[in-house]
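The values are calculated or read from the model by the stated rules, or taken from the named source; none is laboratory data. As the structure is a prediction and not an experimental result, all values here were calculated from the model. Here the Cβ is made from the backbone with ideal geometry for all residues, glycine too, and neighbour counts use every protein chain on show.
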Amino acid sequence: MNSAALIIAEVVPLVTPETTFDAPANVVFAVQAVVMIFAALRVVTTKNVVHAALWLVVVLGGVGLNYILLQAEFVAVTQFLVYLGAVIVLFLFGVMLTRAPLGVSDDLDNNQKKIGIGVGVALLAVLSYALIETFGRSELTFAAYEGVAGPNTNGRTQAVSDAIFGQYLIPFEMLSLLLLAALIGAIVLARRD
Amino acid sequence: MWFFTHVWIIPALMALSFLLILFFGKKMPKKGAEIGIVFVGAAFVLALLTGGNWIAWSNNNPEGHGPAAEGAALANVDPSCSSVAAEAAAVGEGVEHVEGKTEGKTAGKKAGEGHNEGGHSTEGATAAAPPIGESAAPAAPAAPAATEPAGAEKGGHEEVATRPVVSCINWFENGDQTISIGTLVDGQSVLLLIVVTLISLLVHVFSTDYVHGDRRYTHYFAFLSLFTASMLFFVLSENTLQMIVGWELVGVCSFALIGHWWEEKPNSDAALKAFLTNRVGDIGLLVGVIVLYFAAGKSFSIMDLNILANEGEISHNLLLIGSLCLITAVMSKSGQFILHTWLPDAMAGPTPVSALIHAATMVVAGVYMVARLYPVFFEGLSISGSSVNALSMIGAITALFGAMLAFVQKDIKKVLAYSTVSQLGFMVTALGVGAWTAALFHLFTHAFFKACLFLGAGSLSHACHHSFNMVDDMGGLRKIMPKTFWTYLVATAALAGVFPLSGFWSKDEILAGTGSFPGTEGANGEYHVMLVMLLLAAFCTAAYMTRTIWYAFYGEYRGHGTPHESGPRITTPLIILASLGAIAGIVNLPAAFDFLPEGTQTRFEHYVEPVGLYFPAISHAGFNPALAVISVLVGLSGIGLAYLYFFKDAFAGLHGLAERNKVAAFFKNILVNKYYFDWLYTTVIVGFVKGPLARAANWFSANVIDGTVNLVGKTAVGSGSWVYKNVDQKVVDGAVNGAGSSASGVGAMLRLTQTGRIQQYAALFFAAVAILAGVFVVVIG
Amino acid sequence: MFLNQFLLLSAILFTIGVYGVIVRKNGVLVLMSIELVLNAVNINLIVFSTYWGVAGQVFALFTIAIAAAEVGVGLAIVLLIYRNQRSVDIDELDEMKG
Amino acid sequence: MIATLLQLLPEADFLSPTIDWHAIAPEMVILVGSLVLILLDSFKLDKAKPFMPTLASLVLLGALIPVITLAIDGSTRVLFGGSYVVDSMSLVLKALFLVSAYIVVLMSTNYVADGDYWESEYYSLIVAAVLGMLVMCSARDLLMIFVALELLSIPAYMLAAWRKGDEKSNEAGLKYYLMGVFASAVLLYGMSLMYGVGRSTRLDVIAENLVRIGDGRGAPIVTLAMIFVIIGFAFKVSAVPFHTWAPDTYEGAPTPVTAFLAVASKTAGFVALIQIVFYCFAARPDIIQPVFAVLAILSMTVGNLIALKQTNVVRMLAYSGIAQAGFMLAPFAVIETNREQALSSIVIYLVIYAAMNLGAFAVIIAITRKTRSAEITSLGGLFSYMPGLTVVMTIFLASLAGIPPFGGWYAKFGVWQALIGGNTALGYGLAIIMAINTVVAAYYYLNVAKTMWFDEAPDGDTAPVKIPFTLIGAMGITVVATVMFGVLPGLLTNISDFSPVAAALGR
């Protein structure tokens, strides 16, 4: 028996004949995937710090788009709000406060490019080997969402909230303290005294 | 019985003494020394009382033989300490438990004992009389004695069962298992109790003068107490886990004491080296104990382990692995070859400490451990009926090697240190060849004369401005320090094995125990190589001790200032130890001496050797007059040769004193000896026999005898110094140090990987992630 | 759509992020690279949540929140270093080594 | 207004979870306590400052009370459908964390007050991190473990950089932060895949699914996910080759923080490993045994070898901690054949390690009050002017070196017992390598002892320095614990008798 079958096939047949090729979704995916990969590469290669932050916007937006494709609307909204709204702004503040050179700068990389490429390629090889070997051409079927009914979008947002305040109550409470602690600590460290 | 169940008081006394000295010592009028002496004295008295009780106990418990009695002999083992022993004791007849092979073995053992018992039995048997024993003994394990238990009955009906008394309390629980802590009292531990407390007492007394005025005087006594307490704790151990604790405690105390004068860097380095070398062995002990723990069905109890090993219920391979691990421990603790290097270095400590370490405590711990767990070695190494094994080989090499090295030392304490290495080699060999009693007997006698020698060396250095360099800073002290001289001389003679001093008896017993010499068939195997090596070692021992005497006591004084005899607190212990060293041999006169009154032979064996299922069926080699004569001759020839070598040089008086420490000077000495022989032959022999015979004799003297003397001398000294310079100092020490320096070299290299740069760390991190994941993904899938 | 197209996209983002943290020596850029890595993880979680229910989405939400906190803390430390050393070149921080 | 909005809400079918408040009482005490600390600091500012350490201590010790009542009660409590479990082992570990943190607070009191630190926030962060540790002990859910890990890590990143004006401290903080985030990323990636193959975030469900998938070839993603998760925690316990941050961070961070990292944080990493490996990955011993063997061998060997060459005592302790982590990782490699003993030997080691290592750091803090330097040479001649301190430090060093009768001996012994009792070639091999390493380790520990006892004081400065009583308290607790655990190991073996726990783990 195929390993992918062991892992996911009990939920959905491995290659379902009735599954049609979802053209629009796949086209959207292909386009945004290419854009995301290009943008991600620019983030780690551009010689302009501000550009890097802007390329990062593209990547993070693409990730949000992926969430929509995967029918996780609430997470997608959070992604846009937190990342595009807050984190990117944080980065731009960081860039400004550290007086990074706003134009092109040759001094952003160290001398480890070859090592970096080597490690990256090795890691990608291991990851993609394991992924392809395991999951092969398994279809994505959204089996988990189909049974969930409810007043709002497919009932999933409510399910998410139920999970957070039920099953995951303790981590949620811990998260609140974590954010508070991070806030206090970051203020202490970042402020002048 | 009270003494046996409350024997824990003795180490507890010493531990208490340690605490008292530590906390109140400085406030006491004598700075804490009096606390130590009072407590160790009390401990000694208690130990003596325990010993006396043990003897009475042994005499008053006549038991029959055979499996039932063997089981009954374990009646005083607390069942909570040893389930196996309790089971054996409970099995009334003991026959179900001790069956088949074991039964044969036990009976065979009795037959072997019968041989020795025969000597002093009232039935008037002579040395050659008990044919039953003699025939049965060599084939002891295989003897079909199960069919003829009567043979054992006949020979040994007077034998008394010396029972081990084991008591314990619950130490801690590990899962469903209870680990106990307690005491095991039998002849062996009682013997060590007495020896340790006695030597410790004398060392305490000696130290009050010797380290007088030392700025860490109080600390010194505190650690002496702790050292003694640790050793006693170790000796009384009821289980192997407790043994490890005692063993390590002894090591820690030796670290503190060897490094006592830490202001000089070599001293603290020596302490560190001693400790680290011992760590190597400790690991062997730990792993060995854990292996044996599983071998004995998850039990640390010495009783359990020994009984199971004895009855063949543990696989031979496990016992072999366990015993090899433990041999590593013995090698480091008892200074056996390769791991012996710390012992001479440990001379950096105060001399009384050396005496304590070498005579009674630390270094004999290894020997004691082997003796305690003897069934493991006996079965694991197949000692019986073989002719070579790891234990005896290591011991014999050490005995010879140490003796040769002692030859070329300038420092009198180093001579004694190598001498200890060599003598421990004797003991280990004895254990390796199955002569258990001989080993313990030698441990006993050696404790006295070696302690005497060390304290004597201390007395000498006390007189000579704290120098131990006998070649450059001593000489001619015979007249000035008569007490030291005479005690030293007696102890030397005992060490050299001069009849009838104690060393003679114990060494002879070891030599006989090898079973190699014709007429010693009672031994367990035939260890020919060991006999030869030990005889050579004995020869060297006699010779180097004579050399020491010469340098220290004869010739002219070469040091500074005016030497003086030491005070009574130093000489009294010397006298006591020398007397004991002289007469201690009488406790184990051979069974063959049937002209002595009954009950005076083999008393040591009688009281010390354990009886019961927890001790293997060893047999004893009989006394052989020819071997005794040979061993005495070997010793005397060693003394004689060295005498010619050194003393006659003094008569010639031609050579500058400074030259004596050079190898060239030794060759000159040989030339001097030649003149001596010339003189002997020309005036004495030629004076009587003239003509061709005289010329022939002259030729003989000039060529053969001189040549022999020359050759022997050159070889002995040459090989000794070559081995010292090249093997001991370079190879062995180099290997020990080399392992350390290569480790630290690798460490220095690895340290370079810690560049301090985060992104190199990041690269390393993710590279490691990729490699680890990649390897496992590919290999396991 | 295939399962693997998302997973491989995430693997590529992960790898690019790793490259970034090894090569970029500007502290702020390293933090940006870390964001790439963390977002890759979130894609995985959301993909698998289509099979196994909302736990993956909840996990992703937590990750987003914690990542935001981490970036805040990281920027605070980078700012601290900038204030003391007038540089955010993390490659030059090698005072402690060996 | 609000009422109208509420009326607009649809009929909610949400059932609020039933919560066993007794079971989470220790966590609640810490949570409330940390909020009180923060609020007090916000409103009372400098007036509250002198009471902060006392208050933090009270919070930590107060949380110990419900731990004790739970222990007396003795029943295993399962919350949230099995993702939060309070059993005997978790209580032992919670107590360990609370006491360790209390000792760290004792060590910090004067250190932080004397230095140029933000004092109140310091204690708030420590207490917050302790909450993460407590939750970690009971968490049986990937998400919960992750959040707990972050909650104990993020305050630690900042505390490492707490000496704001000191470039070394900044560097320490950044190194720890960056490496920590990388490790989090790898851990998260592994967890996301683990969620994918295990169908849930709950460990018991994942374990079932791992068994169902089996060890058939063709599912390399399972291997990959497990290794990524293990690496994430291997970083936390500073196992080689994920250790690089440890020496630098330990050296640069304020010393009490270093003690906190070296003991509490590392212990938390081990607790996470125990949860993940024993409750979940044990289904695949073919993967975890070799992985842990590799990590253990590398850690003990590399840690020890580099420690030989250290001149700074804190760095030496960092490398020694790496080596000790290797010893603690070793029992994981015999999990298949000797699960029960492996579990209890790790926990026993953790407890003893906490006592002796915290003690060593306390002594170093006391010494550096005088010497202002952590170089080993600066310890020279310590015995001549502070003999008590020297004796105490020697006990800790001897214990770390594994010399009886101090606790470290029994810890190592337990690991050996577990390894040899496993009766596998891997176990025997590890036991031998560990034995050799113990010999190497003895050298550098004793070298420090030798320096203190035998060497001359640098500059001949032998004026003793006053040690604050809080520090004496910290040393007192740890030295008593170190000696007691060695002399009476029964104290430990009784509380760490997890045979019911281990039995529940059995397949």
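Give, as residue ranges, the helices (runs of 4 or more DSSP H) completely inside the stretch B:293-364 that count at least 2 residues that are out of contact with any Lys or Arg (no Cβ under 7 Å at 6 or more places or on another chain) and over 28 Å from residue B:170 (Cα atoms). Spell out the reasoning first.
On the way: elements: B:302-310, B:316-333, B:342-345, B:351-359.
Fully inside the stretch B:293-364 and qualifying: B:316-333, B:351-359.
When the stretch C:33-70 is filtered for residues that are of a type in the set (A, V, I, L, M) and in contact with a Gly (Cβ under 7 Å, 6 or more places away or on another chain), the ones remaining, listed by number, are C:34, C:36, C:37, C:40, C:45, C:46. Consider the stretch D:414-447 and keep the residues that are aromatic (Phe, Trp, Tyr) and within 7 Å of chain B (Cβ to nearest Cβ). The one that is nearest to residue B:299 (Cα to Cα) is D:416. When D:196, D:180 are checked against the criterion of being more than 9 Å from chain A (Cβ to nearest Cβ) and either touching a residue at least 40 places away in the same chain (Cβ under 8 Å) or over 24 Å from the mean Cα position of the chain (by Cα) (or both), D:180 stands alone in meeting it.
Can you go through B:236, B:249 and tell me which one is closer than 18 Å to residue B:171 by Cα, free of Cβ contacts under 8 Å to residues at least 60 places away in the same chain and surrounded by fewer than 24 Cβ atoms within 10 Å (Cβ to Cβ)?
On the way: B:236 fails: free of Cβ contacts under 8 Å to residues at least 60 places away in the same chain.
Within the list B:236, B:249, the selection yields B:249.
Only a single item in (1) at pLDDT 85 or above; (2) buried (at least 16 other Cβ atoms within 10 Å of the Cβ); (3) within 7 Å of another protein chain (Cβ to nearest Cβ) is not met by residue A:61, and it is number (3). The single condition from (1) buried (at least 24 other Cβ atoms within 10 Å of the Cβ); (2) under 18 Å from the mean Cα position of the chain (by Cα) that residue B:414 fails is (1).
Suppose the filter is charged (D, E, K, R), facing chain A (nearest Cβ under 7 Å) and surrounded by 24 or more Cβ atoms within 10 Å (Cβ to Cβ); does residue C:70 pass it? When the stated conditions are applied, residue C:70 does not pass them.
Counting only residues that are charged (D, E, K, R), in a helix (DSSP H, G or I) and within 7 Å of another protein chain (Cβ to nearest Cβ), the stretch C:84-98 holds 1 of them. All of (1) farther than 22 Å from residue C:64 by Cα; (2) assigned to a helix (DSSP H, G or I); (3) more than 7 Å from every other protein chain (Cβ to nearest Cβ) hold for residue D:173 with one exception: (3).
Residues in the stretch D:285-312 that are within 9 Å of chain B (Cβ to nearest Cβ) and either among the basic types (Lys, Arg) or not in a helix (DSSP H, G or I) (or both): D:309, D:310. For the stretch C:24-49, which residues satisfy the criterion of being buried (at least 24 other Cβ atoms within 10 Å of the Cβ), facing chain A (nearest Cβ under 7 Å) and over 14 Å from the mean Cα position of the chain (by Cα)? Selection gives C:26, C:46, C:47, C:49. When residue C:81 is tested against (1) closer than 26 Å to residue A:127 by Cα; (2) of a type in the set (Val, Ile, Thr); (3) within 12 Å of chain B (Cβ to nearest Cβ); (4) over 13 Å from the mean Cα position of the chain (by Cα), exactly one condition is not met: (1).
Among the residues of the stretch D:143-170, write down those that are in a helix (DSSP H, G or I), within 30 Å of residue B:760 (Cα to Cα) and more than 18 Å from the chain's Cα centre (by Cα). Selection gives D:167, D:168, D:169, D:170. In the stretch B:214-233, the qualifying residues are those that are polar (S, T, N, Q) and under 17 Å from residue B:366 (Cα atoms), and the one that is surrounded by the most Cβ atoms within 10 Å (Cβ to Cβ) is B:228. Per the listing D:105, D:127, D:85, the residue uniquely in contact with a strand residue (DSSP E or B) (Cβ under 7 Å, 6 or more places away or on another chain) and buried (at least 19 other Cβ atoms within 10 Å of the Cβ) is D:85. Please tell me if residue D:70 is within 26 Å of residue D:346 (Cβ to Cβ), touching a His at 6+ places or on another chain (Cβ under 8 Å) and crowded, with 17+ Cβ neighbours inside 10 Å. Yes: the conditions hold for residue D:70.
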